[in-house]
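The values are calculated or read from the model by the stated rules, or taken from the named source; none is laboratory data. What you are looking at is a predicted structure, and each value in this text was computed from that prediction instead of being measured. Positions of Cβ are generated from backbone atoms using ideal geometry, with glycine treated the same way; all protein chains shown enter the neighbour counts. For the accessible areas, the whole protein counts, side chains as well, though only heavy atoms, and no ligand, DNA or RNA atoms are used. Shrake-Rupley method; radii C 1.70, N 1.55, O 1.52, S 1.80 Å.
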Amino acid sequence: EPGAGGGEPAPPPRPPTKPPSRPRRYFRHVSKGGWPFSTSAHGWPISDCTAEGLKALLALIRVEPTLPGAPSGGPSPSDHRAGAGGWGGDFVAGKWSQFPEERLRDAANVLFTLQNSDGGWATYENNRGHGFYEWLNPSEVFGDIMIDYSYVECTSASIQALVSLRARLPSFQPDKVASSIARGGRFIERIQRPDGSWYGSWGVCFLYGTWFGLTGLAAAGYPPSHP
């Protein structure tokens, strides 16, 4: 069938990428439910992108009933067609409250699997190496890039997402969610600098890092009076 301009026919839709049957063999991390740095075609979920995506969805679900003109119903959760008022189309009042909970749980599972043994979250992958790998760093301008370290920004975003999810789905793995949040909070507390700041890596250094440090501890339940 020719295209809209009478030229070459439109290419057939690309089939969805299937995950490898043996992800451990091919060193592939779980990706279902995650968000990458750009579009879904990127394919590699990141902890804070997943956390911020989950936070955004939960915020939309939470505020939707207060939006002007919000109807009592919405599209069926099975309607995923882009441009048809489903999950892939433009914003349609009434649809977010029916967003499939399974997809929220999938996002949380990605966050669970990306949490490091120190309680923090890195970016793309878990910490699987050692600091001495930096001796082999070929870069002259970037330090600490040989392994993925835990960062205050990623940890704070992940804590905030899990806290928001717990408010929406209190029965979803409550012990695991609570443990993950507590471990993340202890990590943020542990890496605070003597002057009270946090070193940021993904923004304007101390300003950015301290912002995430404070919001992460607050989300984890630390009171303002905490030293």
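Residues in region 33-60 that are at pLDDT 85 or above and over 24 Å from Val152 (Cα atoms): Leu60 alone.
Of the residues making up region 132-189, just one is farther than 19 Å from Asp118 by Cβ, at pLDDT 90 or above, open to solvent by less than 90 Å² (accessible area, probe 1.4 Å) and among the hydroxyl-bearing types (Ser, Thr, Tyr), namely Ser164.
Sort out which residues of region 189-206 are among the hydroxyl-bearing types (Ser, Thr, Tyr) and farther than 15 Å from Asp48 by Cβ, and write them in order of number. Answer for region 189-206, where residues must be among the hydroxyl-bearing types (Ser, Thr, Tyr) and farther than 15 Å from Asp48 by Cβ: Ser197, Tyr199. Within the option set Trp211, Trp135, Trp198, being without any contact (Cβ under 8 Å) to a residue 24 or more places away in the chain, farther than 24 Å from Trp44 by Cα and in contact with a Ser or Thr (Cβ under 9 Å, 6 or more places away or on another chain) holds for one residue only, Trp211. Do we find that Tyr222 is farther than 30 Å from Glu64 by Cα, assigned to a loop (DSSP other than H, G, I, E, B) and of a type in the set (Ser, Thr, Tyr) in this structure? Taking the combined requirement at face value, the residue does not satisfy it.
Looking across region 190-219, the residues that are hydrophobic (A, V, I, L, M, F, W, C) and either exposed (fewer than 15 other Cβ atoms within 10 Å of the Cβ) or assigned to a loop (DSSP other than H, G, I, E, B) (or both) come down to Ile191, Trp198, Trp202, Val204, Cys205, Leu207.
Evaluate the following for Asp106: is it of a type in the set (Asp, Glu), on the phi > 0 side of the Ramachandran plot and open to solvent by 30 Å² or more (accessible area, probe 1.4 Å)? It is false that Asp106 is of a type in the set (Asp, Glu), on the phi > 0 side of the Ramachandran plot and open to solvent by 30 Å² or more (accessible area, probe 1.4 Å).
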